[in-house]
Amino acid sequence: MKLEWNLDFPLEASLLSRMQAAADKTLQEEGIPFPCYASVRICGDPEIRALNAAWRKQDHATDVLSFPSVSWPKGTTAGSRPGLLRREYDGEMDACFLGDVVISLDHVKAQAAEYGHSLAREAAYLLVHSLCHLMGYDHMEEDEKRTMREMEERILSGVGISREEKGSISDETLLELAREAMTRSYSPYSHFAVGAALLAADGRIFLGCNIENSSYGATICAERTAAVKAVSEGAREFSAIAIATRNLAGWPCGICRQFLSEFAPDLRVLVTWDDPDGIHVEESTLQTLLPHQFELKGSQNV
Ligand code: THU
């Protein structure tokens, strides 16, 4: 699916590619065999509020608005009436126009924070929701609502985004946050970026990246960046850490294993990396990675 972006803000490439993957999956799930496109405007709350007031007579900001090009007869969607969509063929784009999507980045940020997941996950969800509307899905009545939710669920799980209840953090979210953290790595010496997302028992997530130094030895790893942020903010119990790298699996180094074991000897350790074969995820535990960790127990020896 071609997305015609109209952005008010610069957005990270990883977020845009996540949205693109979700859009492609949407068309595929609906079974549309010909090229389609949609325009996607990302703006702030003031603009979406003005659009909501002008088009829906609702004078408040919202997360997403959808303007379908086809007026779908009740009970039909693009998959069951592809002919209606074919009429929207645009020669310049060489694709059929589904309609316009408007998303408020202010709402994306607020909702991602509220649900404890990444911007990319929230933005991809809102885009899928809106594209479903453009294809004729609706949620006014209970049965159509169920159909729309099931469709959204199939699309999102097809691109590795699972439904999350408020307060529960999925592994997928933690991995995505680690990838986000990796983009902030300061690694001009090794050119090896690492990102980490550490999940505290109270539900808070602390992100870290590797921060190198011209002295080399003063470099701090991503895992310890996340851990020092967490402990200095009062978190001392942790259930999982996700670590993101590129081209090879970024299992934590020995110092980081020892450092983390001080607080969470039973920590789950998830690593993700991408290479030409795709995106990989592996899981272990700190107990497995660092048996016999050093501990000062009881009496000292001098
Ligand atoms: N690095 C980490 O961030 N975590 C590890 O567990 C191993 C290594 C970083 C440190 C340095 O900036 C770069 O990777 C190359 O060693």
Leading residue by the ranking (surrounded by the fewest Cβ atoms within 10 Å (Cβ to Cβ)) among those in region 202-219 that are within 26 Å of the chain's Cα centre (by Cα) and farther than 12 Å from residue 182 by Cα: 202
Close pairs from region 33-60: first farther than 30 Å from residue 81 by Cα and in contact (Cβ under 8 Å) with a residue 40 or more places away in the chain, partner open to solvent by 40 Å² or more (accessible area, probe 1.4 Å) and outside any helix (DSSP H, G or I), Cβ under 6 Å, at least 6 apart: 43/8
Top-ranked residue of region 264-293 - restricted to ones that are within 16 Å of the ligand (Cβ to nearest atom) and either over 16 Å from residue 196 (Cα atoms) or of a type in the set (Gly, Ala, Ser) (or both), ranked as surrounded by the fewest Cβ atoms within 10 Å (Cβ to Cβ): 288
Condition check for residue 16: part of a helix (DSSP H, G or I), open to solvent by 30 Å² or more (accessible area, probe 1.4 Å), within 17 Å of residue 106 (Cα to Cα) and not charged (D, E, K, R): yes
Complete set of residues in region 230-258 that are under 17 Å from residue 293 (Cβ atoms), crowded, with 17+ Cβ neighbours inside 10 Å and within 13 Å of the ligand (Cβ to nearest atom): 241, 252, 256, 257
Leading residue by the ranking (nearest to the chain's Cα centre (by Cα)) among those in region 54-76 that are more than 22 Å from residue 7 (Cβ to Cβ), of a type outside the set (D, E, K, R) and open to solvent by 30 Å² or more (accessible area, probe 1.4 Å): 60
Of all residues in region 220-229 being closer than 15 Å to residue 183 by Cα and in contact with a strand residue (DSSP E or B) (Cβ under 6 Å, 6 or more places away or on another chain), the one that is surrounded by the most Cβ atoms within 10 Å (Cβ to Cβ): 222
Within region 188-238, considering residues that are aliphatic (A, V, I, L, M) and assigned to a loop (DSSP other than H, G, I, E, B), the one nearest to residue 267 (Cα to Cα): 201
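The values are calculated or read from the model by the stated rules, or taken from the named source; none is laboratory data. Just so you know, these numbers come straight off a predicted model, no measurement behind them. When we count neighbours, we look across all protein chains shown, and the Cβ atoms used for this are built from the backbone with ideal geometry, even at glycine. Areas reflect the complete protein model, heavy atoms only, side chains present, ligands, DNA and RNA absent. Shrake-Rupley method; radii C 1.70, N 1.55, O 1.52, S 1.80 Å.
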